[in-house]
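The values are calculated or read from the model by the stated rules, or taken from the named source; none is laboratory data. Remember, predicted model here, so these are calculated numbers, not experimental data. Note that we place each Cβ from the backbone using ideal geometry, even for glycine, and neighbour counts take in every protein chain shown.
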Amino acid sequence: MKVVISGASSGIGLALARHYLERGDTVAAFARRGELLQTLATEFPEKVFCYALDVRDAPAIQKAAGDFMLRAGVPDIVIANAGVSRGTLTEYVEDEEVFQNVMDINVLGMVKTFQPFLAAMRNAKQGTLVGIASVAGFRGLPGSGAYSASKAAAISYMESLRVEMYGSGVKVVTLCPGYIKTPMTDINTYPMPFILPADVAAKRMARVIACGTSFAVVPWQMGVVGWVMKRLPNWLYDLAFSKAPHKSRTVKLD
């Protein structure tokens, strides 16, 4: 198979890239930090195509997509995984730029990752588009307004895309990770229930993708937590989460 993965230099993206490469698949790895991608290139020569780019840069992604399809063919799977997380508070004017960057990367970065491949995949009448959202998109978390909003938007966007692709032969899968052990969660000082190692999470996600399930939470236990959270009345949710610990505003994670 041919797999495209954004945000492939660390965390979930790197774990997914390794999973598919170890199976013998061909991977196009997109990430800003090209030096980290070279580790993959050294470890899996001739199986991984590395593209150092920012998912906010549509022309760069279009160029990389064209190059990959010319060299390897139409991808079977495109995984829009690139994302950033940072604590934000609306009262701070300096956080406005942070809100913009989080939305640009976590939402528009998905759109820009998928767009160059859509026509070719539709013409081939096959393939799977995968968006990595988060259980943080189920309800707004205090101190994480930008991140929660971006993941809620990603979930809705993926649903719109799924309906648009209906009947085309192209599947659309929304994956909502819970807590996965990555650089993004390593600095959290609060409890993280049901946390999974990245390689274990990647294997579970790959199974969901292979089945073409339209929506899934990994691990499934966080899906139960999310189901309960979404059904709490506002007064109870506000009471329960108003004192919840906040993610740091000073540390940028991706």
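How many residues does region 33-76 contain that are under 25 Å from residue 123 (Cα atoms), exposed (fewer than 14 other Cβ atoms within 10 Å of the Cβ) and charged (D, E, K, R)?
Going through region 33-76 one residue at a time, the tally reaches 2.
Considering only region 111-227, give the strands (runs of 3 or more DSSP E) lying wholly within it that have at least 1 residues that are hydrophobic (A, V, I, L, M, F, W, C) and surrounded by fewer than 19 Cβ atoms within 10 Å (Cβ to Cβ).
Filter on region 111-227 gives 215-218.
Taking into account only those residues within region 19-32 that are farther than 14 Å from residue 79 by Cβ and either crowded, with 18+ Cβ neighbours inside 10 Å or among the charged types (D, E, K, R) (or both), which is nearest to the chain's Cα centre (by Cα)?
Per the stated criteria, the residue is 32.
Might you let me know whether region 89-100 holds any residue that is surrounded by 15 or more Cβ atoms within 10 Å (Cβ to Cβ), of a type outside the set (Asp, Glu) and assigned to a helix (DSSP H, G or I)?
Yes, there is a match, as at least one residue in region 89-100 is surrounded by 15 or more Cβ atoms within 10 Å (Cβ to Cβ), of a type outside the set (Asp, Glu) and assigned to a helix (DSSP H, G or I).
Among the residues of region 132-143, how many are over 15 Å from residue 178 (Cα atoms) and touching a strand residue (DSSP E or B) at 6+ places or on another chain (Cβ under 9 Å)?
Result for region 132-143: 1.
Would you confirm whether any residue within region 86-101 is closer than 19 Å to residue 158 by Cβ and hydroxyl-bearing (Ser, Thr, Tyr)?
Among the residues of region 86-101, not one is closer than 19 Å to residue 158 by Cβ and hydroxyl-bearing (Ser, Thr, Tyr), which makes the answer no.
Residue-wise test of (1) touching a Pro at 6+ places or on another chain (Cβ under 9 Å); (2) more than 24 Å from residue 77 (Cβ to Cβ); (3) at pLDDT 95 or above.
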| residue | (1), (2), (3) |
| --- | --- |
| 154 | no, no, yes |
| 159 | no, no, yes |
| 163 | no, no, yes |
| 171 | no, no, yes |
| 184 | no, no, no |
| 204 | yes, no, yes |
| 209 | no, no, yes |
| 225 | yes, yes, no |
| 241 | yes, yes, no |
